[in-house]
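> First, the structure itself, so that you have it in front of you.
The values are calculated or read from the model by the stated rules, or taken from the named source; none is laboratory data. This structure is a prediction, so every number in the text was calculated from the model and none was measured. Positions of Cβ are backbone-derived with ideal geometry, glycine not excepted, and every protein chain shown enters the neighbour counts. Ligands, DNA and RNA are excluded from the accessible area calculation, which covers all protein heavy atoms including side chains. Shrake-Rupley method; radii C 1.70, N 1.55, O 1.52, S 1.80 Å.
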Amino acid sequence: MKNNRMFPVLYMFVITIIVSTAIIGFAQYTQERVQANKELTFDIAVLKVLPGMYEPGLSSIEIHKKFSEQVDKPTNQTAGAYTLRKNGAIAAYALPIEGQGFWAKIKAVIGFEADKKTVTGFIVYEQSETPGLGAEVAKKEFTDQFNNLKISVQNNPITFKRPGETLQEGQIHAVTGATQTSTRLEKIINDSLKQWLEKVEN
């Protein structure tokens, strides 16, 4: 049979079927775990931007439990934002935002105090930007600039300035050497905030 012209074709067909079946089976086996990891990453991002909610060292079960029990899901009143309540009143907001980065979607969460003007934190939890350049938007050195930032009431709520420039209200420094990512992230943030603020105020 090995001399048969069809043998190589049949052999490759059988191998392809075996490999494909193995890959599909593995994907289905890991699908739930992958989804659980995505949900955990999001839960952590929300807890980090809500004041006093994130505790280092918690297990994944403890993190999910804390998120589920203490963070309220979005409602029409919050216009898509998760909320933290104290004594029945909203104490802080966690707004998920996303948009097209330079290479792929950038997903983040930005937190606000009840006044909707003071930023409590900013976390990028999913991105595929260039390592060492655009990917720096997910690093602590960049995201820490948002802590206690007062957004501007004129034009864009948050403006990215060149590194080294003097900052005013509602301004942070962009990432050095990552103009495209910085520009796109700035647009994602401001488009999302403008829409959210308009909806939540109304």
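> Name every residue in the range 58-102 that is open to solvent by 80 Å² or more (accessible area, probe 1.4 Å) and either free of Cβ contacts under 8 Å to residues at least 12 places away in the same chain or of a type in the set (D, E, K, R) (or both), in order of residue number.
Result: Ile61, Glu62, Lys65, Glu69, Lys73, Asn76, Arg85, Lys86, Asn87, Glu98.
> Modelled with pLDDT of 95 or more and either aromatic (Phe, Trp, Tyr) or surrounded by fewer than 19 Cβ atoms within 10 Å (Cβ to Cβ) (or both): does that describe Glu141?
Yes; evaluated as a whole, the condition is true for this residue.
> Could I ask something else about it? Whether any residue in the range 156-164 is at pLDDT below 95 and farther than 18 Å from Glu136 by Cα is what I want to check.
yes
> Is it true that some residue in the range 184-201 is within 17 Å of Gly121 (Cα to Cα) and not in a helix (DSSP H, G or I)?
no
Okay, residues lined up against (1) touching a helix residue (DSSP H, G or I) at 6+ places or on another chain (Cβ under 7 Å); (2) more than 28 Å from Glu39 (Cα to Cα); (3) open to solvent by 40 Å² or more (accessible area, probe 1.4 Å); (4) not basic (Lys, Arg):
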{"residue": "Ile110", "(1), (2), (3), (4)": "yes, no, no, yes"}
{"residue": "Gln145", "(1), (2), (3), (4)": "no, no, yes, yes"}
{"residue": "Leu149", "(1), (2), (3), (4)": "no, no, no, yes"}
{"residue": "Thr181", "(1), (2), (3), (4)": "yes, no, no, yes"}
{"residue": "Asn202", "(1), (2), (3), (4)": "no, yes, yes, yes"}
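> I'm told Pro74 meets every condition in (1) at pLDDT 95 or above; (2) not in a loop (DSSP other than H, G, I, E, B) except one. Can you identify the failing condition by its number?
Tallying (1) at pLDDT 95 or above; (2) not in a loop (DSSP other than H, G, I, E, B), Pro74 fails exactly one: (2).
> May I pose another question? Starting from the range 176-199, take each residue that is more than 19 Å from Ala135 (Cα to Cα) and list its partners that are among the polar types (S, T, N, Q) and open to solvent by 30 Å² or more (accessible area, probe 1.4 Å), counting only C-beta distances under 9 angstrom and pairs at least six apart or across chains.
Matching pairs, first to second residue: Asn190/Asn155; Asn190/Asn156; Asn190/Thr159; Leu193/Asn156; Lys194/Asn156; Lys199/Asn76.
> Taking the range 77-108 as the search range and keeping residues that are in contact with a helix residue (DSSP H, G or I) (Cβ under 6 Å, 6 or more places away or on another chain) and not in a strand (DSSP E or B), which one is farthest from Asn147 (Cα to Cα)?
Among residues in the range 77-108 that are in contact with a helix residue (DSSP H, G or I) (Cβ under 6 Å, 6 or more places away or on another chain) and not in a strand (DSSP E or B), the one farthest from Asn147 (Cα to Cα) is Phe102.
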